[in-house]
């Protein structure tokens, strides 16, 4: 079982791509610029300070609840999600791999000191009080669409333990998924009868590779997604519809 951004759109979190699989907005921040360019870090955290207010308060929708029910009934052995919002767990799913990490945690890239997002958010707001009054539409990565602002004056705190660079505990573009997550997902796929994809275009290799692996193992792959997926040629079944409504109706069908 693999889920993507389309699973959380009904919770008010936008997705990344249109029905053709193309980017709706600029590609998210990449790892190397974030780590090497102070202005890129300021821009990320400035946008994130605003976006977290909406992103962090999002609630699970019918898709998340349906998948949690399916796990409880024995229909899902492992849920691998590309999302970083933690909404599957909030809905009650227990056997979950957050393939790309969780946005509700931050981590120092030098000493690996980690914390929940709350204290870090309050620190950002205390150092940048004028930014706390801004408002903007939330973006898929939990930041906000703040355009035309000068981020040079935004203060990004260092790690309180060692002075290192603090990053959200998520996998940025240019980073690799931790090997243990991939190993667990691959092992579960090997033991499964089939693979279901919900709300993902699979345009990113970290998710697409599991559809390829399932196909090579002779396991059927099905998808519920509003638009094109990178794995359309591998699918045994595709339902081109919204995730929440589709799953809810399917599970209600006798």
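The values are calculated or read from the model by the stated rules, or taken from the named source; none is laboratory data. All values reported here derive from a predicted model rather than from experimental measurement. Note: ideal-geometry Cβ built from the backbone for every residue, glycine included; neighbour counts use all protein chains shown.
Taken over region 72-81, the residue count meeting the criterion of being in contact with a strand residue (DSSP E or B) (Cβ under 7 Å, 6 or more places away or on another chain) and either surrounded by fewer than 22 Cβ atoms within 10 Å (Cβ to Cβ) or closer than 12 Å to residue 58 by Cα (or both) is 1. For the structure I just gave you, tell me whether residue 218 is out of contact with any helix residue (DSSP H, G or I) (no Cβ under 9 Å at 6 or more places or on another chain), surrounded by fewer than 19 Cβ atoms within 10 Å (Cβ to Cβ) and over 21 Å from residue 6 (Cα atoms). So residue 218 passes the test. Residue 90 fulfils the conditions (1) surrounded by fewer than 17 Cβ atoms within 10 Å (Cβ to Cβ); (2) more than 23 Å from residue 12 (Cβ to Cβ) except for a single criterion, (2). Can you find a residue in region 217-227 that is farther than 21 Å from residue 172 by Cα, in a helix (DSSP H, G or I), in contact with a strand residue (DSSP E or B) (Cβ under 8 Å, 6 or more places away or on another chain) and free of Cβ contacts under 8 Å to residues at least 40 places away in the same chain? No - not one qualifying residue is present in region 217-227.
Tell me yes or no: at least one residue of region 97-116 is modelled with pLDDT of 95 or more, part of a loop (DSSP other than H, G, I, E, B) and closer than 30 Å to residue 194 by Cα. Looking through region 97-116, at least one residue is modelled with pLDDT of 95 or more, part of a loop (DSSP other than H, G, I, E, B) and closer than 30 Å to residue 194 by Cα. Scan region 29-43 for residues that are under 17 Å from the mean Cα position of the chain (by Cα), at pLDDT below 95 and closer than 19 Å to residue 120 by Cβ and the total you get is 1.
Among the residues making up region 156-173, those that are touching a residue at least 24 places away in the same chain (Cβ under 8 Å), farther than 20 Å from residue 97 by Cα, within 26 Å of the chain's Cα centre (by Cα) and assigned to a loop (DSSP other than H, G, I, E, B) are 156, 157, 159, 164, 165. Considered as a group, the residues in region 132-146 that are in a loop (DSSP other than H, G, I, E, B) and more than 19 Å from residue 30 (Cβ to Cβ) include one that is modelled with the highest pLDDT, and that residue is 134. Among the residues of region 49-61, not a single one is in a helix (DSSP H, G or I), touching a helix residue (DSSP H, G or I) at 6+ places or on another chain (Cβ under 7 Å) and at pLDDT 95 or above. Would you be able to tell me the number of residues in region 24-38 that are in contact (Cβ under 8 Å) with a residue 60 or more places away in the chain, in contact with a helix residue (DSSP H, G or I) (Cβ under 6 Å, 6 or more places away or on another chain) and part of a helix (DSSP H, G or I)? Looking only at that region, the number is 1.
Residue-wise test of (1) closer than 22 Å to residue 62 by Cα; (2) surrounded by 14 or more Cβ atoms within 10 Å (Cβ to Cβ).
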site: 172; (1), (2): no, yes
site: 181; (1), (2): no, yes
site: 187; (1), (2): no, no
site: 210; (1), (2): no, yes
site: 238; (1), (2): yes, yes
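Residue count for region 190-208 under the criterion of being buried (at least 17 other Cβ atoms within 10 Å of the Cβ) and without any contact (Cβ under 8 Å) to a residue 40 or more places away in the chain: the result is 1. Scanning region 187-216 for residues that are part of a helix (DSSP H, G or I), in contact with a strand residue (DSSP E or B) (Cβ under 7 Å, 6 or more places away or on another chain) and over 15 Å from residue 97 (Cβ atoms) returns 211, 214, 215.
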